[in-house]
Structures are given as C-alpha cells and as structure tokens.
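The numbers here are math on the coordinates, done by the rules we state, and not lab data. Note that the structure is a prediction, hence the values are computed from the model and not measured. Methodologically, a virtual Cβ is constructed for each residue, glycine included, from the backbone with ideal geometry; neighbour enumeration extends over all protein chains shown.
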C-alpha cells in the first residue's frame, strides 16, 4: 500500500530540524575567538569536572556545539587555535608573533540572535565564520599576555574578537590537562552531563536538544568509558527517506 503523501511530507519536514539545525564543520579551518569569564572550578554546560577549569577551556557556538542546552557533540573535543588577526579594530591588527593554544570544549555559547555565537548552517556570524570559540579567559591556565596588542597604535589592549585558524587535536596528547585524570571526564551525576576524555567521531555526545532516548557515553571521571552506538542523526534521516520511498 502506498502511504499518503502527507506522511512523506511529514518525514521530509522532519529532516531539516535534525540535519540543518547543526553545523557540520571540517577538522580544520577558520573561526572567530572571543573570551568570557568562567570562575575556576565552575561546572559548565557539558558537566566536565571542576579540575578542567584549571586548564585552557572554551565554550563553542551553539550550532557547532550541537545542542541548545546541556551537553552536545562538541563537549570534550579539543582544538588547537592560532591567532590570525583582529576583526573589529581599524585597521586590523596582525601580530608579528604566532600565538597558539589548545582548548577543550566544556561549555555552550548560546545563540543570542545576532552575537558571535549565532552562526547557523548557511548563515555565518558577522566575521563570516561558522564557529566561534569563547575562551575562558582570564584564567590561571593562560598567560595574561596571550593576546598580543599594540597599545601605542590602538590605545587599548583587548581587541575582543580575533580571527583564528583551528585544528581538531587529541586531548590526551595535546591539551595541557590531557594527562590529569581529575581534569578528564564529567562529574558524578547520572543525568545531563557528557564530557568524553578524548572524543573521536565514534564516541561523541549526542545532542541533548534532540534527545530521542539515546544514552550518552559514561564519561564520569575515572569511570570505564562506553562507546555510543554508531547511530547518527544523519543516518537516521537518510534511513527514513529510504524507507518512505521504498513504501511508495
């Protein structure tokens, strides 16, 4: 029996909310970098351990993070970011030194409807970037002079927004807290937390915003790590399309 066209329309209407809501980004590229205040030992959106704040961490823009609340696929991932130039200053400032930092994503930078973390698929932020890393800084883990400046020319030292290059890296091998067991994983809570110690494409946290009953991996600090089932929203969406058309 051929299903009614209404069923097909409903299936197709569901796909954009699952696929198009989040940004699929390459393992390396360009982004913007801002900074915000995160108190030391604060438990942020992912539920990573308090000790993680003793090392460089950042929030990730909502559509790249993969959730609008709690944890998402961005949680626990590590990136090497390298400062390129400032975006808001006139003229742009190009530092004569190369400054890089490996950060671990522990927090969500929410879509504020036009801010630096408001990019969506097909709509970058004001600087043309689809990812914004909001660095937890000032921080005891990052030198106070990490951001270069030229106060003689500009009259100030904080440029607020930088264009950066980013590269996905191993947390265990590259992040300053990668060998500190107390800084890895999530707090001991049975719900609402997911912070893989060293995530890869097969053990990312699911999107809390689109929770369909899939359980996140057990990322509790010092606990045995269980891998997520290899069921991605992309796979689910395309399987739905195939099933519908087979029945037609």
Least to most buried among 219, 190 (fewest other Cβ within 10 Å first):
190, 219
Quick calc, residue 24 & residue 94: beta-carbon distance into FRET formula, R0 22 Å, rounding 0.05, result 0.15
Projected label distance in nm at residue 190 and residue 140, using a 7 Å step from Cα toward the beta-carbon
3.3 nm
Can you tell me the length gained on complete extension of the stretch residue 179 to residue 151, counting 0.36 nm per residue apart and subtracting the Cα distance?
6.3 nm
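In nm, what is the difference between 0.36 nm times the number of residues separating residue 200 and residue 170 and their Cα-Cα distance?
9.9 nm
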Full extension between residue 111 and residue 211 adds, at 0.36 nm per residue less the Cα distance, a length in nm of 34.1 nm
